[in-house]
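The values are calculated or read from the model by the stated rules, or taken from the named source; none is laboratory data. Computed from a predicted model, the values in this text were never measured in an experiment. Don't worry about glycine lacking a Cβ; one is built from the backbone with ideal geometry, like all the others, and counts go over all protein chains shown.
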Amino acid sequence: MLRERRGEELALGDRYLNPQMGRILRTLGFDRTWVGGEGSCLIDSEGERYLDLICGYGVFALGRNHPDIRAALEEVLEAQTANLPQLGVTLLPGVLAQELVGRAPASIAAMVPANTGTESVEAAIKIARAATGRQRILYAEHAFHGLTLGSLSLNGNDEFRAGFGPLVPGCDPVPFGDLDALDAELSRGDVAGFVVEPVQGKGVNLPPAGYLQGAQSRCRAAGTLFVCDEVQTGIGRTGRFLALEHWGLEPDMVCVAKALSGGMVPIGGVLVSRAAFDRVFDGMERAVRHGSTFGGNDLAAAAALATLRVLDRDRVVEHAERMGALLLEQTRPLVERHEIVRDVRGLGLMWAIELGPPGTRTGRAVWNAVERGQPGLFAQLITVPLFHEHRVLCQVAGHRMNVVKALPSLLVSEDEVRWFSEALADVVAAAERMPRAMARFGLAMARGSVRASRAGRSRALTAR
């Protein structure tokens, strides 16, 4: 079927999935037919290889179609295991829990399985409330913790929250990096948990020195559970197995997901302290008070165990740290070279470039005109030429943000890091030539809009 129906991807997506995504792809000229993936690259129907710096939003930490993950899944399917007995347990989820607890801080003693990052955050909210007997959950402004209703209630981005209210009550934001604001909320004595990303994923925002350690100690003093959301930062992404290791943290809970299965199978989990776990699952009648039908399935556990083996055998975390240092070394000079580059930042292979208006009157006028029309559009002057001229796929870090973000495979090679760095230098230099860059970008968008309009008319005719 894959071969017979190739080329129908966008049409089917428009008709049965999300036509607005199809409009975006056509407008940006990203409407490729993807036919394969290997390592750090996606391959289109013309055989062109694109350096993939979105990485499935971070799930393909070991690249695409890693042979060890495939082999582990094939082994489980061949074994025909007694998967998900429900009133019973199988071997692989327990082995995975043992491995993860062994790699976690000493404060962690158990795992609650899940399928995704948002499920992991939802579980952490429930455990925090049940373990403390309190209601309120704190989160940091600009955070991203997921899109289901509970985790959305901890999402600090209005573009995701708008229209879905009322959200879960008792979920309140504090500024990221502000210990005084956190203190003020904790002093009320009713906070069950503080959920925080060690590095914020949407803009790759790093914490101020001492912030995370201070937040942890203040939570301890207030009887509040300290929860690290490592859904994106974990499993080697920042040059440590868990990002919290950079700061020596020992949280009450750690949320993991995304890269844990090598991108092959949905997976998630919450690593939990013994004290919190035992307060929630405190008797036989409460053994199943929280769970997930597919959580802890054999295929996900096998893929995760294979991922951990590859991380150890190939020293992937150390490689990610080296390649992240190289990426910063190659790209940080852009701050000095170009007025429009406000910052280049990152930790391991979690990287971002932030853009701002230039100093010239003409440049500022063009910037302001673009921002009035659509805030954050200027960042597309980076992502679109990277894609079309250099075959590099990356993303704008968030709505109304002039931040471009990259999440390479943790196995990205030195040559691939230099591929991106050189392409970025070329594109940033071109983007700084404002009027010409905007004219070129406008022409590309016009062509894309024509394709999007034609596709829309085609859908309308088909619907009739």
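Every condition in (1) assigned to a helix (DSSP H, G or I); (2) at pLDDT 95 or above is met by VAL412 except one, and the failing one is (1).
Among the residues of segment 205-233, those that are over 17 Å from GLU245 (Cα atoms) and either assigned by TED's automatic domain parsing to the domain that holds CYS55 or buried (at least 24 other Cβ atoms within 10 Å of the Cβ) (or both) comprise THR224, LEU225. Identify, please: which residue in segment 112-150 is under 14 Å from the mean Cα position of the chain (by Cα) and among the small types (Gly, Ala, Ser) and is, among those, nearest to PRO251 (Cα to Cα)? Taking the candidates together, the pick is SER120.
Do you know which of the residues in segment 257-299 that are charged (D, E, K, R) and modelled with pLDDT of 95 or more is surrounded by the fewest Cβ atoms within 10 Å (Cβ to Cβ)? Reasoning before the result, please.
Just the residues of segment 257-299 that are charged (D, E, K, R), to begin with: 258, 274, 278-279, 282, 285-286, 289, 298.
Now drop any that are not modelled with pLDDT of 95 or more, which leaves 258, 274, 278-279, 298.
On the way: LYS258: 27, ARG274: 11, ASP278: 13, ARG279: 14, ASP298: 21.
By that ranking, first place goes to ARG274.
Only residues that are among the polar types (S, T, N, Q), closer than 17 Å to GLY346 by Cα and over 18 Å from the mean Cα position of the chain (by Cα): list them for segment 397-431, please. Reasoning before the result, please.
Initial filter on segment 397-431 (among the polar types (S, T, N, Q)): 402, 409, 413, 421.
Right, trim to closer than 17 Å to GLY346 by Cα and you get 402, 409, 421.
Residue satisfying the conditions is SER421 alone.
Just need a number here: residues in segment 342-360 that are in contact with a Ser or Thr (Cβ under 9 Å, 6 or more places away or on another chain) and assigned to a strand (DSSP E or B). It would help to see each step written out before you state the result.
Taking segment 342-360 first, the residues in contact with a Ser or Thr (Cβ under 9 Å, 6 or more places away or on another chain) are 344, 346-351, 353.
So of that shortlist, the ones also assigned to a strand (DSSP E or B) come out as 344, 346-347, 350-351, 353.
Matching residues across segment 342-360 total 6.
Somewhere in segment 237-244, is a residue out of contact with any helix residue (DSSP H, G or I) (no Cβ under 8 Å at 6 or more places or on another chain) and closer than 24 Å to GLU99 by Cα? Yes. Where strands (runs of 3 or more DSSP E) fall entirely within segment 94-208, those with at least 1 residues that are within 29 Å of ARG342 (Cα to Cα) and modelled with pLDDT of 95 or more are at 136-140, 171-174, 191-196.
Only one residue in VAL95, VAL101, VAL121, VAL76 is outside the structural domain of GLY39 (by TED's automatic domain parsing) and touching a Ser or Thr at 6+ places or on another chain (Cβ under 9 Å). Which one? First the steps, then the outcome.
Working: VAL95 fails: touching a Ser or Thr at 6+ places or on another chain (Cβ under 9 Å); VAL101 fails: touching a Ser or Thr at 6+ places or on another chain (Cβ under 9 Å); VAL76 fails: touching a Ser or Thr at 6+ places or on another chain (Cβ under 9 Å).
On inspection, the qualifying residue turns out to be VAL121.
Note on segment 17-42: among residues that are at pLDDT below 95 and hydroxyl-bearing (Ser, Thr, Tyr), the one that is nearest to GLY263 (Cα to Cα) is THR33. A Cβ distance below 8 Å, combined with a sequence gap of six or more or placement on separate chains, defines the contacts here; from segment 9-28, residues that are in the same structural domain as GLN395 (by TED's automatic domain parsing) and farther than 25 Å from LEU381 by Cα reach no residue that is at pLDDT 90 or above and surrounded by 14 or more Cβ atoms within 10 Å (Cβ to Cβ). Candidates in segment 258-276 are the residues that are over 16 Å from the mean Cα position of the chain (by Cα) and either part of a helix (DSSP H, G or I) or not assigned by TED's automatic domain parsing to the domain that holds LEU92 (or both); of these, the one that is nearest to ALA124 (Cα to Cα) is ALA276.
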